[in-house]
Amino acid sequence: MKQYIIKRLLISILVLFGVSILLYGIAHMVPGDYVSNISSGNQNITPEMEQRMREAYGLDKGPVEGYISWLGDAIRGDFGTSFVYKEPVTSIIIKYMPATLALAGISMVLELLLAIPLGILAARRQYSFTDYTIVAIAIVGISLPSFFFAAVLKRVFAIGLGVLPISGMVTARANFTGFALFADMAKHFVLPVTVFVLTSMGSYLRYVRTNMLEVLSADYVRTARAKGLPERKVIAKHAFRNTLIPIVTLFGSMIPALFSGAVITESIFALEGLGNIALKAVYAGDIPYLMGFNMFIAALTLIGTLVSDVLYAVVDPRVRY
Amino acid sequence: MKRMRQALALLLSVAMLTALTACGGGGDQKSNEGGNEGDSNANTTQEEGNETADNEEDNSTEKESGGTGTYDTLVIGVQPLDGVFSPFFYQSAYDDQVNSLIFESICELNPDGELVDNCGHVEVKEEKAEDGSTKYVYTVSIKEGMTFSDGEAITIDDVLFTYYVYADPSYDGMSTFATLDIDGMADYVNSEKPLWKAISEAGKENTDFTNWTEEQQTKFWEDLDVAGAAFAQEIVDAVIAGQEEGAENPIQEGDVKGAAASWGFELADGATTLDFFNAMVEQYQGDLATLSDTETAGSSLADLLGETYTQMVALSDVNEIRGIQKVDDYTCTITFNSPNISADKQVAWTSIMPEHYYGAGFSKGNLDSVKEKNTAPLGSGAYVFESYDNNIVSLTANPNYWAGEPKIPNIKVQTVNEEDKVDLVLNGEIDVTDPSASTEIIEQLEAETDKASYTLVDNPGYGYIGINAERVPDLNVRKGLMHLMNRAPAISSYYGELGAVIERPMTPTLAEYPDDATEYYGYDPAKALEYFKAAGYEEKDGKLVKDGEQLTITVGIGDSATHPSTPILTQMANDMEAMGAQLVVNDMQFNILNTEMTGGNLDMWVMAWGNATDCDLTQIFGSKGGSNYQRYSDPKIDAIQAEILKTIDFDERCKLVAEELDMIMEAAVYMPVYQRKNMEIYNATTMNLDTLPEETTTYYNYSKEIETLEMQ
């Protein structure tokens, strides 16, 4: 097992290296660099100034030269300074992470808390009224575009009824501290979390339901029932634990999603999270930030897949590495 | 199936209801807390002694932020900030909005866009220099007795520090200060030579001590001798140590001549290591850097020079700008070699930056320590920066503000979405913001005048359609194209009252804009066809061709679905098709449009200019202009532009500008399209609208009189 993990980690380093080349290439292919983006529309900028700025930002070098110098710094842990925010990339990621992580984390926990029991319930009563209802909700959730759903929620609860704030993270006018601040933030999170949960719960729910159905028709479940075990025990101990096997693999893929942020939801609710600023970086041509952030997500994705493979072995005794 | 649908409907409504109750509960709890908070707010305001509240309206807004109807915080809604709160390095206009509250500039613009005194004064005087040329000396003075928000006194040194940062060779912000024709500026900016190099090149006998002192020079040469001797000694040691055992004539310890000979240098008998070094210097013709790199036997010359070297590398040969001189603690002069109509703005419309705060660790060519303070600004403006987190900048009133402590104790600058701006004001969450003006917003606001009021001012920029004169070299073709642009219907249907067609490529917010200018190229397809024919195009098989090629024009536009100029292009394409020509409309993402336009790959493009503060158009229409993307140059335009920049007399300048703009129109490279309005809305339930400035213009809004603004 240990050997397997070490081997996987070593391969991951190679993969990251390849990913970084691809990302850098793509970042450079985006038309219009940062300097031309900030100077377009400003008639006071002279060509000499533009040239000097390009040199200052290292944009006068070609992609190969640029990549090599980026790689040299990155290996030493220096991901450079963001063009837009004029701060080290790592400190920006750390600064904007809490909002994204809180939003995604809370939503994910709620999603699982809703998706797993509802999925099991639907599977146990397959083709019943309950089953149809739950599946219908799931499909509605999957199909609703988040921007539309968010706009509807905002119109109804914030603008129409006025019970929830329209956007932002805290009430600017009030200087809340302590618990009041926490409660204020929680209130600002209600709508974004609702959007998150309802639009992405569906796929987990369907996943759980399908797996549960498969397990319920398995021989060992019939055996358990034949032994005269109470239905509750059959479901909780024999069926559900086996359903878990495919579900844990989902956990791994959730790790990067925790940090990558939801561009649309964040921007609709004016939450400056990682997703929102990554989008801004794409528009601005902020290569250092894009590289730093995408490499961070790439590393998390690799870690995520490794974690799901390891968890797989943990929950399924048949799997050995 | 029917049963299922009914059930679904039931379930959905139950879900809705649950959500509602849950939120409703939270809301109640919140407003209670808000009430408590409001009480304490009210106390603070009472302590401040400006209880002005007599608001009896009881709406949900007030519950949220303090049931008593008293407000001590102004909330300004802005679009996402970059968080670069430094007048030196900001890029976004919204960051600058925060900066303008924290920092104070020497002079300011008045509602008409003219420079007037703020906490200082600027005046210009012509002087004859010794060489007979005319110099323009600007005297900048600041009020005495002002302090920064931390209590440190403001002196002219802080102003000079500000200039030096803007002029620094490593400066990469938006200011164009370093490009001004200030006496000695070019020498300062372009001097890349470190001091040691300059001294060593000048030689031992140098007597010109303008850029360095005699002491520095003497010390350098003395230290160089010591270091040089040590450098040579290392070589000698290396040669001796590197000899093969039992060589025929081994070089003895201390035999510099012998060692030098084997290193390739002829020296006299009894030569010292210093002689050896000097011989090397001679061979390299004084190029110490190459000498050190090539000949070294271990240590570099720089290592051996030690401290002297480090100091002299840090310093440059030009460490001062000749034209910027301190007169006394509150006055300085800036000498320009040539006249410049915006020089007063450049030197006096600038924030005073505290040297004691930003200047620690600053040396020429190294702005790292200044940049470190980007997220923690300190200035002398009306408000003091407290924090920036959760998308909100918190500011508190500056008790040391020179014009008196502001009346509103707190300001919060919150990032909001463009689409939410109006709702946020009507909901009472924010107080001031700037949505992009539209007729819908005006209708909405007119219906709720008790909740909000608004102002409309002209945007300091304009939209235009440009033609690349290199790709469309024939003047007649360009004129023909101009006659196909039907601007009025497009602009009036898009903007209504909020935009107007303009006739010359310059924003009418500038005082020099010729208000009496009339339409140059009216919409007239028949005339256009005449021009095309004059250019040599003929109708053949329903196609307009010249030398066998159809007249085809490629135009780039960004986000055409929502662009005000789209109808112009649509009509143009139809008209051209009817004539047998072709207009290829490329809808592009803005970045791509910009790249294609600057790269000269488009015949025609639709864009806009902003940020205009003066009538200098050399960047756009001058033959050497950096933004001359129409690639059209005319020595006559260059000449008149140079003339305009020298013409300080306003009326005279207006005449010249009008003439210049006519010349540009005649060249048919720029079709000015529209001038739009900017909107600002104010919350009528929280702010005391009577305390807003009497006149709001492009150059003057509430932030200029922030210290006298009051809440309810």
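The values are calculated or read from the model by the stated rules, or taken from the named source; none is laboratory data. This structure is a prediction, so every number in the text was calculated from the model and none was measured. Here Cβ is always computed from backbone atoms with ideal geometry, including for glycine, and neighbour counts include all displayed protein chains.
Computed quantities for the displayed model
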quantity	calculated
Residues of the stretch B:650-681 satisfying the condition of being closer than 21 Å to residue B:431 by Cβ and crowded, with 22+ Cβ neighbours inside 10 Å	B:679, B:681
Residues of the stretch B:629-649 that turn out to be within 14 Å of another protein chain (Cβ to nearest Cβ) and crowded, with 19+ Cβ neighbours inside 10 Å, as a count	4
Qualifying positions in the stretch B:585-619 - touching a residue at least 60 places away in the same chain (Cβ under 8 Å) and either assigned to a helix (DSSP H, G or I) or under 20 Å from residue A:27 (Cα atoms) (or both)	B:597
Matching option when the condition is in contact with an Asp or Glu (Cβ under 7 Å, 6 or more places away or on another chain) and within 9 Å of chain B (Cβ to nearest Cβ), among A:176, A:157	A:176
Which numbered condition residue A:60 misses (of (1) surrounded by 15 or more Cβ atoms within 10 Å (Cβ to Cβ); (2) among the charged types (D, E, K, R); (3) in a helix (DSSP H, G or I))	(3)
Matching residues in the stretch A:48-85 - criterion: being more than 25 Å from the chain's Cα centre (by Cα) and at the interface with chain B (Cβ under 10 Å from one of its Cβ atoms)	A:48, A:49, A:50, A:51, A:52, A:53, A:54, A:55, A:56, A:57
Members of the stretch A:34-57 that are closer than 12 Å to residue B:627 by Cα and either exposed (fewer than 14 other Cβ atoms within 10 Å of the Cβ) or among the hydroxyl-bearing types (Ser, Thr, Tyr) (or both)	A:36, A:39, A:40, A:46, A:48
Residue within the stretch B:248-264 that is touching a residue at least 12 places away in the same chain (Cβ under 8 Å), among the hydroxyl-bearing types (Ser, Thr, Tyr) and closer than 27 Å to residue B:196 by Cα present	no
Residue among B:706, B:681, B:648 that is assigned to a helix (DSSP H, G or I) and either in contact with a helix residue (DSSP H, G or I) (Cβ under 8 Å, 6 or more places away or on another chain) or touching a residue at least 60 places away in the same chain (Cβ under 8 Å) (or both)	B:706
Those residues of the stretch B:408-426 which are within 7 Å of another protein chain (Cβ to nearest Cβ) and within 16 Å of residue A:169 (Cα to Cα), in sequence order	B:412, B:414, B:415, B:416, B:417, B:420, B:424
Single match in B:449, B:433 (criterion: within 14 Å of chain A (Cβ to nearest Cβ) and either surrounded by fewer than 19 Cβ atoms within 10 Å (Cβ to Cβ) or within 21 Å of residue B:691 (Cα to Cα) (or both))	B:433
Residue B:634 vs. criteria free of Cβ contacts under 8 Å to residues at least 12 places away in the same chain and more than 23 Å from the chain's Cα centre (by Cα)	no
Members of the stretch A:277-304 found to be in contact with a Ser or Thr (Cβ under 6 Å, 6 or more places away or on another chain) and without any contact (Cβ under 8 Å) to a residue 60 or more places away in the chain, listed by number	A:297, A:304
Looking only at the stretch B:351-388, and only at residues there that are within 12 Å of chain A (Cβ to nearest Cβ) and polar (S, T, N, Q), the one that is farthest from residue B:74 (Cα to Cα)	B:374
Scan of the stretch B:88-118 for residues that are in contact (Cβ under 8 Å) with a residue 24 or more places away in the chain, buried (at least 19 other Cβ atoms within 10 Å of the Cβ), more than 13 Å from chain A (Cβ to nearest Cβ) and assigned to a loop (DSSP other than H, G, I, E, B), ordered by number	B:103, B:104, B:106
1 or more residues surrounded by fewer than 16 Cβ atoms within 10 Å (Cβ to Cβ): qualifying helices (runs of 4 or more DSSP H) within the stretch A:229-321	A:240-260, A:274-284, A:287-315
Which numbered condition residue B:653 fails, given (1) within 14 Å of another protein chain (Cβ to nearest Cβ); (2) closer than 23 Å to residue B:176 by Cα	(1)
Residue B:329, sole failed condition from (1) farther than 26 Å from residue B:612 by Cα; (2) in contact (Cβ under 8 Å) with a residue 24 or more places away in the chain; (3) among the charged types (D, E, K, R); (4) within 13 Å of chain A (Cβ to nearest Cβ)	(4)
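Yes/no per residue for (1) modelled with pLDDT of 50 or more; (2) more than 14 Å from chain A (Cβ to nearest Cβ); (3) part of a loop (DSSP other than H, G, I, E, B):
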{"residue": "B:29", "(1), (2), (3)": "no, no, no"}
{"residue": "B:37", "(1), (2), (3)": "no, no, no"}
{"residue": "B:46", "(1), (2), (3)": "no, yes, no"}
{"residue": "B:83", "(1), (2), (3)": "yes, no, yes"}
{"residue": "B:121", "(1), (2), (3)": "yes, yes, no"}
{"residue": "B:135", "(1), (2), (3)": "yes, yes, no"}
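Quick grid of which residues meet (1) buried (at least 18 other Cβ atoms within 10 Å of the Cβ); (2) in a helix (DSSP H, G or I); (3) at pLDDT below 90:
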position	(1), (2), (3)
A:134	yes, yes, no
A:159	no, yes, yes
A:172	yes, no, yes
A:191	yes, yes, no
